[in-house]
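The values are calculated or read from the model by the stated rules, or taken from the named source; none is laboratory data. Everything numeric here is computed off the predicted structure, so don't read it as measured data. Every residue, glycine among them, receives a Cβ derived from its backbone with ideal geometry; neighbour counts consider all protein chains shown.
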Amino acid sequence: MSSRAEAIFFYKVEGLYGCFSNFSSHSIVMKSRWWPTTAHYFQAQKFAGTAYAEQIRLAPTPQIATEIGRDPRLPLRRDWEQVKDDVMREAVLHKFATYEDLAKVLLATGEKQIIENNRLDPYWGCGPDGNGKNRLGHILVEVRTILRERVCSSRVIAVY
């Protein structure tokens, strides 16, 4: 893995790495439902099986979906803290596996660190001091590894 100085920082949906954002306008189909963005899917899973999940799915923007999902008055599913990383990984993997152009951008990052430059979120991003957990960045690296393995496997199969 590369040094932090060589890392790829992303946050907004604009630019080369904007597709790394959960707010990027790349819809996915998961659990037999269409989701406008991975943010919509992720936020809705906090309330899986409830009317809140559908309200989030139908939100007009990922910002509004996230606002609803972060509403402290709404009851989160009991296992949310245990499953949230898995839910994020599932959504991110599905997005990059669905869109070949996005997969190419992710694979082209090589071995570089990927950091969500979100100063307001010390869990998913780098946090206010730059030392956050950066879980979204780590998940993108995991997805990159999975995609790379799939590409290598398909090349081996193609040779035979």
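Of these, Tyr41, Tyr52, which one is in contact with an Asp or Glu (Cβ under 9 Å, 6 or more places away or on another chain) and within 15 Å of Met88 (Cα to Cα)?
Values: Tyr52 fails: within 15 Å of Met88 (Cα to Cα).
Checking each option against the conditions leaves just Tyr41.
Considering every residue within the range 131-144, establish whether at least one is of a type in the set (S, T, N, Q), surrounded by fewer than 17 Cβ atoms within 10 Å (Cβ to Cβ) and without any contact (Cβ under 8 Å) to a residue 12 or more places away in the chain.
yes
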Within the range 91-142, work out how many residues are in contact with a helix residue (DSSP H, G or I) (Cβ under 9 Å, 6 or more places away or on another chain), within 20 Å of Glu81 (Cβ to Cβ) and among the small types (Gly, Ala, Ser).
-> 3
Note on the range 2-16: residues within 20 Å of His138 (Cα to Cα), charged (D, E, K, R) and without any contact (Cβ under 8 Å) to a residue 40 or more places away in the chain are Lys12
Filter the range 29-44 for residues that are hydrophobic (A, V, I, L, M, F, W, C) and under 16 Å from Gly69 (Cβ atoms); which is surrounded by the fewest Cβ atoms within 10 Å (Cβ to Cβ)?
-> Met30
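Looking only at the range 106-123, how many residues end up being within 19 Å of Ala39 (Cβ to Cβ) and out of contact with any strand residue (DSSP E or B) (no Cβ under 6 Å at 6 or more places or on another chain)?
Step one: of the range 106-123, the residues within 19 Å of Ala39 (Cβ to Cβ) are 106, 114-123.
After this cut, where a residue has to be out of contact with any strand residue (DSSP E or B) (no Cβ under 6 Å at 6 or more places or on another chain) as well, the list is 106, 116, 118-123.
Of the residues in the range 106-123, 8 are within 19 Å of Ala39 (Cβ to Cβ) and out of contact with any strand residue (DSSP E or B) (no Cβ under 6 Å at 6 or more places or on another chain).
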Only one of these conditions is not met by Glu149: (1) out of contact with any His (no Cβ under 8 Å at 6 or more places or on another chain); (2) surrounded by 12 or more Cβ atoms within 10 Å (Cβ to Cβ). Which number is it?
-> (2)
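Answer with yes or no whether Lys104 is at pLDDT 95 or above, basic (Lys, Arg) and within 15 Å of the chain's Cα centre (by Cα).
no
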Looking at Ala103, Ala91, which one is in contact with a strand residue (DSSP E or B) (Cβ under 9 Å, 6 or more places away or on another chain), part of a helix (DSSP H, G or I) and hydrophobic (A, V, I, L, M, F, W, C)?
-> Ala91
